[in-house]
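Written below as structure tokens is the structure these notes are about.
The values are calculated or read from the model by the stated rules, or taken from the named source; none is laboratory data. No experiment lies behind these values; they were computed from the predicted model shown. Cβ: placed from backbone, ideal geometry, glycine included. Neighbour counts: every protein chain shown. Accessible surface is based on the protein model in full, side chains and every heavy atom, while ligands, DNA and RNA are left aside. Shrake-Rupley method; radii C 1.70, N 1.55, O 1.52, S 1.80 Å.
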Number of protein chains: 2
Amino acid sequence: MKEPLKLAIAGLGTVGGGVVKVLTEEAKRIEALCGRKIEIVAVSARHRQHDRGFDIDAFRWYDDPVAMAADPDSDVFVELIGGSDGAAKLAVEQALASGKHVVTANKALIAHHGTTLARMAEENQVALQFEAAVAGGVPIIKALREGLVANGIERVSGILNGTCNYILTVMETSGREYEDVLADAQKLGYAEADPSFDVGGTDAAHKLTILASLAFGTLPDFDQVYVEGLETVTPLDIRLADDFGYKVRLLGIAQRDGKRMELRVHPTLVGKNSSLAAVTGVFNAVEVVGSHVGPVMLEGRGAGEGPTASAVVADIVDVARGNIAQPFGLPASMLEEASYKPIKDHTGAYYLRVHAVDRAGSMAEITRALAEAEVSIERIVQRKDPIPEEDNRLPVVFITHDTDEVTMQRALALLAKHKDVVDEPLLIRIEQE
Amino acid sequence: MKEPLKLAIAGLGTVGGGVVKVLTEEAKRIEALCGRKIEIVAVSARHRQHDRGFDIDAFRWYDDPVAMAADPDSDVFVELIGGSDGAAKLAVEQALASGKHVVTANKALIAHHGTTLARMAEENQVALQFEAAVAGGVPIIKALREGLVANGIERVSGILNGTCNYILTVMETSGREYEDVLADAQKLGYAEADPSFDVGGTDAAHKLTILASLAFGTLPDFDQVYVEGLETVTPLDIRLADDFGYKVRLLGIAQRDGKRMELRVHPTLVGKNSSLAAVTGVFNAVEVVGSHVGPVMLEGRGAGEGPTASAVVADIVDVARGNIAQPFGLPASMLEEASYKPIKDHTGAYYLRVHAVDRAGSMAEITRALAEAEVSIERIVQRKDPIPEEDNRLPVVFITHDTDEVTMQRALALLAKHKDVVDEPLLIRIEQE
């Protein structure tokens, strides 16, 4: 039997507490799987006194996670503090510099500082594992780094934020307004008190940054992700999209286009019968298209104590078994500095919804304006019933043929000040299967 | 840079040829990922002369795969011969005894001889990898052995045979008969000339045996799987099931029930909106329910050159990187000899279809017979239109409440000889979500 693997865990919130519980409950089986014990030797958290359902005095206590990371009496530093900078970053750097393996659930940290940290891990010949950073309990990092490694990856996309998916699918089934559903999600613990990272798309963009790097062998570069949140989507749009055969999902999409990479997070229309349309509630799903395997989809819970702890513990077991790969698959020195395709170069179909003034001829005027803006329209629907609260507005939806983003944005600006248009028009990109 | 990893490949059919192509096309990237080259040094196949699209003279040739497995000048024996016994088994045993790692796509071999081979691999401290044996390119073995390792697994189930799923979903969309669709599948290369392993459920049972062992930490035991093929399902049943809100899929289901394991492969009704109902054509999907992570689903192509080669090459890369785990996760000596729940102890809802004689009162008689057999009926549908070709038959469908298998089989036997019933009645088990 090998020596036990000694862990120091920083952060004892929902996820940290979950990791302690899973390691305790599954200790016997994990020991058999690894051929060695996994022992928590030290912990650090913001508050020592706190009812966590387990006895904290069984472990050495540190007020300062950086000091804990420097202490030689542990093999693995488990970072569950969160945040792209501050204590989390300092502690992870300290741990790697001290020759400790690092397991983290911190998407922001890896999306912003992945390259530097991967280099440090490789120089020190230790692991830097972050399965829990993307899609919670779904083993997508391992799939990209190991299971699908035979493939050149052309595209990785999916539902990367459970809060957004919960809100959109509840809006879909209940017809309730965004703010109303968000408030519920907060009560249920599905959304943070400050939900802006989730609903604004930043969280999904962090995850997409990590997925793209693993999939394409490129340096992780958060700043290259185009991000739009879901705040502008209304129940009316969800209903109208349904009329055209679509569901609304907040997708993260990373795609190769020749030598350029396209990275974007935004509300998206997907076909009603697509796999992603079937993903509802707090579930996440990631689809990878590989050169040999074709499309592969992984789906499961993207957040919460159990799923996140499941991923963190899997990473710890990998370290215990000696399965230590380079953090991004390729050595950090070989990751490519990619060139990126900005959103203005995007081409695709669009859903464009305007509220027209309720008078004879307004729709014809708007349609003409769009034609003059060189938008090629595939289908138009005008709802016969005006919006109840404001009976002077008639929703009109245009579904376009493939059009480029610049043309669409120009048309959008035109319509926004068109005499027959009330309120802001809304544009949602469509992904065809 | 480490020494190259030397491969000997036995079997150069669709999958073997695919593996050679993938290793050639992806050589540069794989070398960067592994920090070493992967070299094919020897091959063996039934016929040396054969246009395979690559130059066979670049490798040492063996007529006998067992001799190749004994040759010390290779590190990994890649077995792509197939079959549970014969040359495949002899060669794999020889390779393991010679201290070589083995990578195989052979589900029958692992389902029947997994325990013995795992013991040999562990004694010789080599890998025995079989990702390609289950669900083709979908990395489900790795997910169970590594990615979801933190979880006690309660259930693993799914669509494990692409041929069956292709046939069922084409019957569903086209209304065509089984034999007709099977003939097409054979022309398209989706079904073998002798399709009995696929359509009879044996292939899915091989895969389920392997999944159950990995999921539950039990000795693989193919003989414990209850198997029913899809040959008895008619387009009429698919249509009638649809009326009740179900789709028909051939599922493999492995489930813990207290101390007993239930392993079964049979046609199954699943809810129209379930994830498995959304899996169509040659795709496979496996759902795992873990104690911490909850349900996780993986979906992708279950067969074919590219997907299968993708899985084989991923296994080879694992060996090249030194990621060598015990074949079934736990050491073979710790795998449990499980007790099994026979199909007669199954309880669940059932779809029961009979063809009633078209006369007043026949349906009442049949319903009464069922009630007397103590089958609790939830819903009944009698199609008003008799079957066109034989206008004396009226299909009647009963959906039962939870009932035990013994009661249902007794009722089935009763109905089969009932005076108002024509032809064999059909029973399909229902899986509720």
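Kindly check whether there is at least one residue in the stretch B:322-329 that is without any contact (Cβ under 8 Å) to a residue 12 or more places away in the chain, under 30 Å from A:ASP318 (Cα atoms) and within 29 Å of the chain's Cα centre (by Cα). Yes, that holds for at least one residue.
Across the stretch A:15-34, the qualifying residues are those that are under 16 Å from A:VAL103 (Cα atoms), within 13 Å of another protein chain (Cβ to nearest Cβ) and not hydrophobic (A, V, I, L, M, F, W, C), and the one among them that is surrounded by the most Cβ atoms within 10 Å (Cβ to Cβ) is A:GLY18.
Scanning the stretch B:287-320 for residues that are out of contact with any Gly (no Cβ under 6 Å at 6 or more places or on another chain) and in a strand (DSSP E or B), we see that the one that is farthest from B:ALA135 (Cα to Cα) is B:GLY294.
Filtering the stretch B:35-73 to residues that are surrounded by 13 or more Cβ atoms within 10 Å (Cβ to Cβ) and aliphatic (A, V, I, L, M) leaves B:ILE38, B:ILE40, B:VAL41, B:ALA42, B:VAL43, B:ALA45, B:ILE56, B:VAL66, B:ALA67, B:MET68, B:ALA69, B:ALA70.
Listed by position, the helices (runs of 4 or more DSSP H) enclosed by the stretch A:183-269 that each have at least 2 residues that are among the β-branched types (Val, Ile, Thr) are A:202-216.
Would you pick out the residues in the stretch A:253-285 that are out of contact with any helix residue (DSSP H, G or I) (no Cβ under 7 Å at 6 or more places or on another chain) and more than 14 Å from chain B (Cβ to nearest Cβ)? Passing the criteria: A:ILE253, A:GLN255, A:ASP257, A:GLY258, A:LYS259, A:ARG260, A:GLU262, A:HIS266, A:PRO267, A:THR268. Among the residues of the stretch A:197-244, those identified as closer than 30 Å to A:THR115 by Cα, among the aliphatic types (A, V, I, L, M) and in contact (Cβ under 8 Å) with a residue 40 or more places away in the chain are A:ALA204, A:ALA205, A:LEU208, A:ILE210, A:LEU211, A:ALA212, A:LEU214, A:ALA215, A:LEU219, A:VAL225, A:LEU230. Listed by first and then second residue, the pairs linking a residue in the stretch B:127-154 that is facing another protein chain (nearest Cβ under 9 Å) and open to solvent by less than 10 Å² (accessible area, probe 1.4 Å) to a residue that is assigned to a strand (DSSP E or B) and of a type in the set (Lys, Arg), with Cβ atoms under 7 Å apart and 6 or more places separating them unless they lie on different chains, are B:GLY136/B:ARG301; B:GLY137/B:ARG301.
So, B:ALA108, is that one under 25 Å from B:TYR190 (Cβ atoms), touching a Ser or Thr at 6+ places or on another chain (Cβ under 6 Å) and more than 13 Å from chain A (Cβ to nearest Cβ) or not? Yes, satisfied.
What tally of residues in the stretch A:107-148 results from selecting those that are farther than 21 Å from B:GLY294 by Cβ, assigned by TED's automatic domain parsing to the domain that holds A:ALA42, in a helix (DSSP H, G or I) and not β-branched (Val, Ile, Thr)?
Residues that pass the stated criteria total 13.
Each row is one residue, and each column tells you yes or no for (1) open to solvent by 10 Å² or more (accessible area, probe 1.4 Å); (2) of a type in the set (A, V, I, L, M, F, W, C); (3) within 20 Å of the chain's Cα centre (by Cα).
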position	(1), (2), (3)
B:VAL282	yes, yes, yes
B:VAL289	yes, yes, yes
B:VAL296	no, yes, yes
B:GLY300	no, no, yes
B:VAL312	no, yes, yes
B:VAL319	no, yes, no
B:GLU337	yes, no, no
B:VAL354	no, yes, no
B:SER362	no, no, no
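So for the stretch A:2-11 (the condition being open to solvent by 20 Å² or more (accessible area, probe 1.4 Å), under 22 Å from A:ARG321 (Cβ atoms), at pLDDT below 95 and within 14 Å of chain B (Cβ to nearest Cβ)), does at least one residue qualify? Yes, there is a match, as at least one residue in the stretch A:2-11 is open to solvent by 20 Å² or more (accessible area, probe 1.4 Å), under 22 Å from A:ARG321 (Cβ atoms), at pLDDT below 95 and within 14 Å of chain B (Cβ to nearest Cβ).
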